[in-house]
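The structure under discussion appears below in the form of structure tokens.
The values are calculated or read from the model by the stated rules, or taken from the named source; none is laboratory data. The model shown is predicted, which means the values in this text are computed figures rather than measured ones. Reconstructed Cβ throughout: ideal geometry from the backbone, glycine too, with neighbour counts over all protein chains shown. When the accessible area is computed, the model is the full protein with side chains, heavy atoms only, and any ligands, DNA or RNA have been set aside. Shrake-Rupley method; radii C 1.70, N 1.55, O 1.52, S 1.80 Å.
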Amino acid sequence: MIKFEGVHKWFGKLHVLNDINLHVTSGEVVVICGPSGSGKSTLIRCVNRLEKFQKGKLWVDDVPLHDHGVNLTQLRAEISFVFQQFHLYPHMTALQNVILAPVNVRKMNKAEAADLGRETLTRVDMADKFDSYPAQLSGGQQQRVAIARGLAMSPKIMLFDEPTSALDPEMIGEVLDVMVQLADEGMTMCVVTHEMGFARQVAHRVIFMDEGELVETGQPDSFFDNPQTERAAQFISKILTH
Amino acid sequence: MMLSYFQRLIEILPFFLKGLKMTVAVAGLGLIIGTLFGFLLGILRASDKKWLTWPIGVYVALIRGTPFIVQIFIIFFILPDWGVQLDAFPAAILAMSILGAAFICEIVAGGVKAVDRGQWEAATSSGLNIIQKLRFVIVPQAMQTILPPLVGQYVLLIKDSSVVSVIGVMELTRVGWLTVVRIPEGLMVFSLVGVLYFAISYPLILLSNRMERKMSLGQVRL
Ligand SMILES: Nc1ncnc2c1ncn2[C@@H]1O[C@H](COP(=O)(O)OP(=O)(O)O)[C@@H](O)[C@H]1O
Ligand SMILES: [Mg+2]
């Protein structure tokens with residue numbers, strides 16, 4: 001589904017992705033963790049081409065992103081991205097947020113899209129907030145709307161960039177519950193997160209990044225309980241103690 | 001004495017109303033065209049492509065950095081040397097459009113740049129094309145920043161339109177000039193000119209103030 005082959009990326013002189021090789025198969029849930037600045041966001045942002053890379057090959061759903069002339073809007077319609085800061089459209093209601101892309105990208109008719117939107121919002125437990133504006137919602141509710149916005153496109157892949165890091169602790173659970181449910185339904189997911197409980201519960205694989213390198217990869221339990229590299233061990237001890 | 005004063009006023013009023021109509025036509029058309037191009041240029045200027053932003057920046061600096069009267073003279077008196085001969089009315093509208101577009105471009109670019117980068121990223125991620133992103137996500141949000149100064153700019157541009165009197169367009173200011181040399185009531189003539197400009201500007205000033213208040217309360221929903 002997603003295949004990195006020797007991918008390198010630089011921001012100016014900064015080498016942010018260093019020889020990334022990674023294969024994510026359909027239905028797989030991959031958790032990506034690592035210290036701040038290690039390139040996790042950049043890695044998943046390459047998948048829907050929010051970031052370009054300078055070297056290497058990357059296939060997403062068999063589309064070669066390293067080639068010129070890839071139809072990016074078409075590719076992006078198949079991949080949903082959930083941001084740390086939600087980035088809901090503040091001038092639209094929850095329902096309008098969810099149906100904007102189905103109507104304009106999928107060319108669904110409005111009534112059909114509205115049904116789909118209500119159904120999708122209900123799935124993330126936001127059935128009573130169709131007409132609320134983002135500013136009227138809590139962080140956890142906003143993130144669930146953002147997930148519904150992604151889901152409404154029936155994506156093949158969902159990417160999450162620290163989806164619970166901006167949330168008050170009491171709201172993290174409600175968002176993770178939705179994500180667990182998606183994982184159980186077989187969604188292909190790449191999740192940047194330090195939520196170890198989530199990783200242990202649903203991840204098929206945990207990937208550890210440091211300084212732009214993919215340092216270690218393993219089953220969640222063996223990775224967290226018995227890391228193979230010094231850098232991973234140090235990182236895990238840090239997230240355990242705080 | 002009073003009676004003849006008012007008689008005079010009544011006498012000249014139709015002439016002034018014609019001038020008002022011309023001012024509205026020149027300023028109105030200039031503002032409409034200037035707004036269209038101002039938005040187009042402003043959106044392009046907010047991009048991160050140097051080859052796009054640089055020439056627009058040069059245009060804006062040239063227009064903002066030179067007197068409007070000089071721009072009008074160039075369009076009306078110099079362009080004919082280059083084979084572009086315009087009557088006073090179209091020349092005035094062209095000049096107003098060029099002037100308006102430059103100022104409006106800066107206001108629009110500022111508004112577009114003020115929209116959070118995350119909004120672009122969210123819209124991009126969902127597969128919207130550039131036109132859809134601008135239309136549904138970016139411009140509606142940018143409008144909140146754009147509208148109050150835009151309306152304020154309209155007021156300034158309407159007043160600037162008085163400058164087109166120099167090439168003979170029969171608008172309010174020129175009507176004032178022509179009248180004042182014929183009759184002794186100079187104060188009355190220019191008061192009338194002022195009052196008529198004010199009659200166009202004041203509603204816009206009120207609108208601008210109202211929008212500014214509403215924006216600061218975050219109530220405006222587009
Ligand atoms: N747009 C950018 N321009 C320049 N440097 C960037 C940009 N985005 C990220 N970086 C840098 O790239 C490195 C990796 O960033 P990122 O992928 O966001 O890391 P992470 O998500 O793991 O915290 C960091 O050093 C960051 O400062
Ligand atoms: Mg990050």
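Evaluated at q = 0.09, 0.12, 0.14 Å⁻¹, a Debye calculation over the C-alpha positions of the protein assembly as shown (equal weights, vacuum) places log10 I(q)/I(0) at -0.74, -1.03, -1.25.
Remark: the range A:1-75 is approximated by an ellipsoid whose semi-axes, taken from the C-alpha gyration tensor as √(5λ), come to 19, 16, 11 Å, largest first.
In terms of the mean number of neighbouring beta-carbon atoms within 10 Å, the peptides B:62-70, B:91-99, A:53-61, A:207-215 order highest first as B:91-99, A:207-215, A:53-61, B:62-70.
The A-B contact accounts for roughly 1700 square angstrom of buried accessible surface, both chains included, probe 1.4 angstrom. The base-10 log of I(q)/I(0) for chain B, evaluated at q = 0.07, 0.10, 0.13 Å⁻¹, reads -0.30, -0.56, -0.85 [Debye formula, identical scatterers on Cα atoms, solvent excluded].
The lysines whose alpha-carbon is closer than 27 Å to the alpha-carbon of A:K129, local same-chain residues fewer than 8 away aside, are A:K107, A:K110, A:K156, B:K133, B:K214. A:D62 exposes around 140 Å² of accessible area when a 1.4 Å probe is run over every protein chain in place. Please state the shape class of the range B:110-222: rounded when a/c is under 1.5, otherwise prolate if a/b exceeds b/c and oblate if not, all from the C-alpha gyration tensor. The shape class here is prolate.
The range A:97-115: which residues show an accessible-area loss of 20 Å² or more, assembly versus chain alone, 1.4 Å probe? Output list: A:L100, A:A101, A:N104, A:V105.
Over the range A:1-80, what is the mean sequence separation of C-alpha contacts under 8 Å (at least six apart), divided by residue count, expressed as relative contact order in percent?
Values: 116 pairs, mean separation 27.3, N = 80.
In percent, rounded to a whole number, it is 34.
Accessible area per residue for the protein assembly as shown is 48 Å², calculated with a 1.4 Å probe on protein heavy atoms, without ligands, DNA or RNA.
Structural descriptor for chain A: relative contact order 26 percent, calculated from alpha carbon pairs under 8 angstrom and at least 6 residues apart.
Counting only whole DSSP H helices of chain B, the ones at least 27 Å long by C-alpha along their axis and with mean Kyte-Doolittle hydropathy no lower than 0.5 are B:2-45, B:88-113, B:139-160, B:186-217.
Wrap a convex hull around the Cα atoms of the range A:142-223, take a quarter of its surface area, and give that in square nanometres.
Numbers: hull surface 23.3 nm².
If you wrap the Cα atoms of the range A:142-223 in a convex hull and average its projections, you get 5.8 nm².
Sorting the segments B:30-39, A:124-133, A:9-18 by their mean number of nearby beta carbons within 10 angstrom, highest to lowest, gives B:30-39, A:124-133, A:9-18. Each of B:W51 and A:H66 was given a label point 7 Å from its Cα along the Cα-to-Cβ line. The distance between the two points is 2.7 nm.
Against the empirical 2.2 N^0.38 Å (N residues), chain A has a Cα radius of gyration ratio of 1.01. Of all complete DSSP H helices in chain A, those with a Cα span along the helix axis of 15 Å or greater and a mean Kyte-Doolittle hydropathy of -0.5 or more are A:94-104, A:139-151, A:169-184, A:230-241.
So what is the relative contact order of chain B, in percent, for Cα pairs below 8 Å that sit 6 or more residues apart?
Numbers: 232 pairs, mean separation 62.1, N = 222.
Across chain B, relative contact order equals 28 percent.
Oblate is the label for the range B:149-192, because a/c, from the alpha-carbon gyration tensor with a ≥ b ≥ c as root eigenvalues, is 1.5 or above and a/b does not exceed b/c.
Expressed in Å, the radius of gyration and Dmax of the Cα atoms of the range B:94-140 are 13.5, 42. From helices alone, the protein assembly as shown scores -18000 deg cm²/dmol at 222 nm; the rule is -39500 (n - 2.57) for each run of n ≥ 4 DSSP H residues, then divide by the residue total. Inter-chain neighbour count for B:113-126: the average number of beta-carbon atoms from partner chains within 10 Å of each residue's beta-carbon is 6.
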